[in-house]
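The values are calculated or read from the model by the stated rules, or taken from the named source; none is laboratory data. Since we're looking at a predicted model, the values are computed, not measured. For neighbour counting, all protein chains shown are included, and Cβ atoms are generated from backbone atoms with ideal geometry for every residue, glycine included.
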Amino acid sequence: MEIKLELLPEEKRGRLSVHKNLPFGRIFTDHMFFMFYREEEGWQGACIKPYEPICLDPAAVVFHYSQTIFEGLKAYYGVDGRIRLFRPERNMARMNRSARRMCMPQIDEDFVLKALKKLVAIEREWIPREKGSALYIRPLMMGTEAFLGVKPSSEYIFFIILSPVGAYYKEGFNPVTIYITDKYVRAAPGGVGDVKTGGNYAASLMASEEAKRLGYTQVLWLDAVERRYVEEVGTMNIFFYFEDELATPALTGTILPGITRESVIQMAKDWGIPVKERRISIEEVLEGAESGRLKECFGTGTAAVISPVGCLAYKGKEYVINKGQTGPLARRLFEELTGIQYGEKPDPYGWIQFVP
Ligand code: COI
């Protein structure tokens with residue numbers, strides 16, 4: 001399929017004037033990638049066009065039954081002036097995995113990645129130059145057939161929008177505080193907890209708001225069956241650095257398979273740190289925080305990068321980790337990861353793809 005270009009004339013295009021302290025996800029670039037799907041014809045109409053509102057029938061499936069999936073990745077402006085993407089092929093593969101689970105059509109991963117690179121290249125003036133900032137890339141697919149029966153949509157749209165962003169949390173790389181909820185659950189076995197679908201995020205809002213009201217940055221979820229085993233944080237996977245190992249919850253179907261998570265596991269293993277993907281009970285974590293066996297705790301995610309956790313709150317009690325400071329492992333992972341992403345360090349894993 002060809003990608004039609006309908007670009008704004010040069011004089012009508014914006015550019016980023018401030019590169020520091022950017023908000024997360026509030027500024028959008030001039031153009032977007034767009035295509036649509038019809039059951040009989042497949043994907044068509046691929047184009048890069050001015051960023052604009054989408055007009056949908058009020059009966060569109062997505063409004064009523066949330067048949068929608070998305071991805072999140074970033075383009076980094078490197079120290080050498082080259083534009084880097086971090087493992088974008090993993091996002092494309094995850095999107096197709098999400099699509100299968102939500103009964104949505106597959107995308108051609110190579111084609112969409114090519115379109116994504118083309119869009120980023122067109123919008124290069126929007127990429128923040130400051131380290132720690134990046135161009136956040138949001139691909140999204142939704143069911144648009146106008147029909148109120150519950151069945152997979154026969155029509156879809158897919159688009160990619162871009163947003164220059166700074167740190168996701170106001171804390172930046174400083175430790176966040178996390179509220180552990182035993183009242184709400186995020187995902188149950190057999191559900192869609194491992195799928196990047198909008199409904200998971202809508203369902204998380206109540207607990208997040210409660211945590212914020214109590215003064216915490218985010219929520220940590222426990223498993224839905226026993227409310228005992230750690231799952232993930234609002235927008236991140238979670239890691240615990242115990243004296244003898246780095247542990248993270250195993251991917252049992254209720255946790256998002258994070259690409260930063262996968263990369264952290266690989267780097268830590270290569271540094272000789274024993275890494276275990278396993279069940280981690282909340283008692284083990286809290287006892288570890290009290291005894292000092294738990295040396296560090298941090299979250300990982302595309303938006304959040306590596307986010308140290310300085311304090312966990314559970315049943316009215318606060319547990320401070322590493323004196324509320326960023327630990328050496330979180331710092332080393334952050335520096336290695338961002339070093340690769342911004343081209344300051346070699347890329348031994350071949351994780352980077354360049355935008356021409
Ligand atoms: C990301 O880390 O890219 C995410 O998808 C989190 C997002 C919901 C802000």
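Just give me the residues in the stretch 1-24 being within 27 Å of the chain's Cα centre (by Cα) and modelled with pLDDT under 95, in sequence order. Selection gives GLY14, ARG15, LEU16, SER17, VAL18, HIS19, LYS20, ASN21, LEU22, PRO23, PHE24. Criterion applied to LYS323, LYS315 was being outside the structural domain of PHE24 (by TED's automatic domain parsing), closer than 25 Å to LYS212 by Cα and free of Cβ contacts under 8 Å to residues at least 24 places away in the same chain, and the one residue passing it is LYS323. Of all the numbered requirements in (1) touching a residue at least 60 places away in the same chain (Cβ under 8 Å); (2) surrounded by fewer than 23 Cβ atoms within 10 Å (Cβ to Cβ); (3) in contact with a helix residue (DSSP H, G or I) (Cβ under 7 Å, 6 or more places away or on another chain), VAL264 misses one, and that requirement is (2).
Within the stretch 267-281, the presence of at least one residue that is surrounded by fewer than 19 Cβ atoms within 10 Å (Cβ to Cβ), assigned to a loop (DSSP other than H, G, I, E, B) and in contact with a Pro (Cβ under 9 Å, 6 or more places away or on another chain) is confirmed. You will find that of GLY288, GLY234, the residue that is touching a Phe, Trp or Tyr at 6+ places or on another chain (Cβ under 7 Å) and closer than 21 Å to ALA313 by Cα is GLY288 and no other. When the stretch 35-78 is examined, which residues are found to be over 23 Å from VAL195 (Cβ atoms), more than 16 Å from the ligand (Cβ to nearest atom) and either in contact with a Cys (Cβ under 7 Å, 6 or more places away or on another chain) or not in a loop (DSSP other than H, G, I, E, B) (or both)? Matches in the stretch 35-78: ARG38, GLN44, GLY45, ALA46, CYS47, ILE48, LYS49, PRO50, TYR77. The residues of the stretch 291-306 that are polar (S, T, N, Q) and either more than 24 Å from GLY215 (Cα to Cα) or modelled with pLDDT under 95 (or both), listed by number, are SER291, THR302. Reported count of residues in the stretch 91-110, each being within 15 Å of ASP194 (Cβ to Cβ) and either touching a residue at least 12 places away in the same chain (Cβ under 8 Å) or among the hydrophobic types (A, V, I, L, M, F, W, C) (or both), is 10. Yes or no: VAL150 under 16 Å from the mean Cα position of the chain (by Cα) and either of a type in the set (Phe, Trp, Tyr) or in a loop (DSSP other than H, G, I, E, B) (or both)? So VAL150 does not fit the description; no. All conditions in (1) without any contact (Cβ under 8 Å) to a residue 40 or more places away in the chain; (2) in contact with a Phe, Trp or Tyr (Cβ under 6 Å, 6 or more places away or on another chain) hold for GLU277, with the sole exception of (2). Residues that are touching a Gly at 6+ places or on another chain (Cβ under 9 Å) and assigned to a helix (DSSP H, G or I) were ranked within the stretch 111-128; the one that is nearest to LEU16 (Cα to Cα) is TRP126. List the number of the failed condition for GLN106; all other conditions in (1) outside any helix (DSSP H, G or I); (2) in contact with a helix residue (DSSP H, G or I) (Cβ under 8 Å, 6 or more places away or on another chain); (3) within 16 Å of the ligand (Cβ to nearest atom) hold. GLN106 satisfies all of (1) outside any helix (DSSP H, G or I); (2) in contact with a helix residue (DSSP H, G or I) (Cβ under 8 Å, 6 or more places away or on another chain); (3) within 16 Å of the ligand (Cβ to nearest atom) except (3).
On inspection, LYS196 fails the criterion of being charged (D, E, K, R), in the same structural domain as CYS297 (by TED's automatic domain parsing), over 21 Å from ASN91 (Cα atoms) and at pLDDT 95 or above.
Sort out which residues of the stretch 282-298 are in a helix (DSSP H, G or I) and of a type outside the set (Gly, Ala, Ser), and write them in order of number. ILE282, GLU283, GLU284, VAL285, LEU286, GLU287, GLU290, listed by residue number. The set of residues in the stretch 217-256 being under 15 Å from ALA188 (Cβ atoms), outside any strand (DSSP E or B) and either free of Cβ contacts under 8 Å to residues at least 24 places away in the same chain or within 16 Å of the ligand (Cβ to nearest atom) (or both) consists of GLU226, ILE255, LEU256.
Scanning the stretch 332-356 for residues being of a type in the set (Lys, Arg) and either within 15 Å of ILE265 (Cα to Cα) or in contact (Cβ under 8 Å) with a residue 12 or more places away in the chain (or both) gives a total of 1. Might you check whether a residue that is among the charged types (D, E, K, R) and either crowded, with 17+ Cβ neighbours inside 10 Å or under 16 Å from the mean Cα position of the chain (by Cα) (or both) occurs anywhere in the stretch 217-227? Looking for residues that are among the charged types (D, E, K, R) and either crowded, with 17+ Cβ neighbours inside 10 Å or under 16 Å from the mean Cα position of the chain (by Cα) (or both), one finds at least one in the stretch 217-227, hence yes.
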